[in-house]
1. Which strands (runs of 3 or more DSSP E) does the range B:43-116 wholly contain that include 1 or more residues that are closer than 12 Å to A:K100 by Cα, within 12 Å of the chain's Cα centre (by Cα) and touching a residue at least 60 places away in the same chain (Cβ under 8 Å)?
2. Applying the selection to the range A:39-69, what residues are among the β-branched types (V, I, T), more than 17 Å from A:Q92 (Cβ to Cβ) and surrounded by fewer than 16 Cβ atoms within 10 Å (Cβ to Cβ)?
3. Of the residues B:S9, B:S27, only one is exposed (fewer than 14 other Cβ atoms within 10 Å of the Cβ), at negative phi and in contact with a Lys or Arg (Cβ under 8 Å, 6 or more places away or on another chain); which?
4. Kindly provide the set of residues from the range A:1-35 that are of a type in the set (A, V, I, L, M, F, W, C), farther than 10 Å from A:A90 by Cα and either part of a strand (DSSP E or B) or within 14 Å of chain B (Cβ to nearest Cβ) (or both), ordered by number.
5. Please specify each residue of the range A:70-112 satisfying the condition of being buried (at least 21 other Cβ atoms within 10 Å of the Cβ), under 15 Å from the mean Cα position of the chain (by Cα) and within 14 Å of another protein chain (Cβ to nearest Cβ).
6. Could you figure out which of (1) over 18 Å from A:G91 (Cβ atoms); (2) facing chain A (nearest Cβ under 10 Å); (3) surrounded by 14 or more Cβ atoms within 10 Å (Cβ to Cβ) isn't true of B:G40?
Amino acid sequence: GQQLNQSPQSMFIQEGEDVSMNCTSSSIFNTWLWYKQDPGEGPVLLIALYKAGELTSNGRLTAQFGITRKDSFLNISASIPSDVGIYFCAGQGGSSNTGKLIFGQGTTLQVKP
Amino acid sequence: GAGVSQSPSNKVTEKGKDVELRCDPISGHTALYWYRQRLGQGLEFLIYFQGNSAPDKSGLPSDRFSAERTGESVSTLTIQRTQQEDSAVYLCASSLGGLAGGGTQYFGPGTRLLVL
């Protein structure tokens, strides 16, 4: 099925470092979302972006919706051990009006205390 | 409050058997989605329900897969004659929905299916 291109695939960082990950698509989306998934759980929404160019923050998280509506990035500042998990970008809308989400392959984040 | 629940949490079956996976969405959520997540991969859309109707079934991988929803509540995903490639985590999500199926999607914990 259709998927977004998410990078990097994995990251291993020291506690306190900043993290950046991004997603690109060949299709445009009306909404970009970033989710975090912990082992054995479903994804949990972190940030939603609704307008091209929008920059949104949620605590130590900052995400931007690209001007072309084909890309987005997520930054995590001053990482802490509980940031460990898999981060997914997801696109919504565009050619589909059913609300279904198209996901990236995920970025696995490991934080060394 | 209660979130999305799914059962069973784990299912091991033999190749060729049928399986049924259940999703209980958040009360009042009219939109319901099923996704599949293979090991180390992102989620793949399977099917979308608005109420009891499924206007988008485009993600179902074959005619062995079917789903229904009743009472604008519980949904069941059925996989007939399971194959080893069906092994994955099956996740359900619900949202307040609307004509365009919008709103934040809240995910259940998933059912981990292993086909031997």
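1. Of the strands (runs of 3 or more DSSP E) lying wholly inside the range B:43-116, those with at least 1 residues that are closer than 12 Å to A:K100 by Cα, within 12 Å of the chain's Cα centre (by Cα) and touching a residue at least 60 places away in the same chain (Cβ under 8 Å) span B:88-95.
2. Start the filter on the range A:39-69 by keeping residues that are among the β-branched types (V, I, T), which leaves A:44, A:47, A:56, A:62, A:67-68.
From the residues that got through so far, the ones that are more than 17 Å from A:Q92 (Cβ to Cβ) too are A:62, A:67.
Result: A:I67, single match.
3. Values: B:S27 fails: in contact with a Lys or Arg (Cβ under 8 Å, 6 or more places away or on another chain).
Just one listed residue meets the conditions, B:S9.
4. Quick first cut of the range A:1-35, residues of a type in the set (A, V, I, L, M, F, W, C) only: A:4, A:11-13, A:19, A:21, A:23, A:28-29, A:32-34.
Going one step further and asking which of them are farther than 10 Å from A:A90 by Cα, we end up with A:11-13, A:19, A:21, A:28.
Of everything in the range A:1-35, those that are of a type in the set (A, V, I, L, M, F, W, C), farther than 10 Å from A:A90 by Cα and either part of a strand (DSSP E or B) or within 14 Å of chain B (Cβ to nearest Cβ) (or both) turn out to be A:M11, A:F12, A:I13, A:V19, A:M21.
5. A:Y87, A:F88, A:C89, A:A90, A:G91, A:Q92, A:L101, A:I102, A:F103, A:G104, A:G106, A:T107 - these are the residues of the range A:70-112 that are buried (at least 21 other Cβ atoms within 10 Å of the Cβ), under 15 Å from the mean Cα position of the chain (by Cα) and within 14 Å of another protein chain (Cβ to nearest Cβ).
6. The number of the failed condition is (3).
Values in this text are rule-based calculations from the coordinates and carry no lab data. Bear in mind that the values here come from a model prediction, so they are computed numbers and not experimental data. FYI the Cβ positions are ideal-geometry reconstructions off the backbone, even for glycines, and counts take in every protein chain you see.
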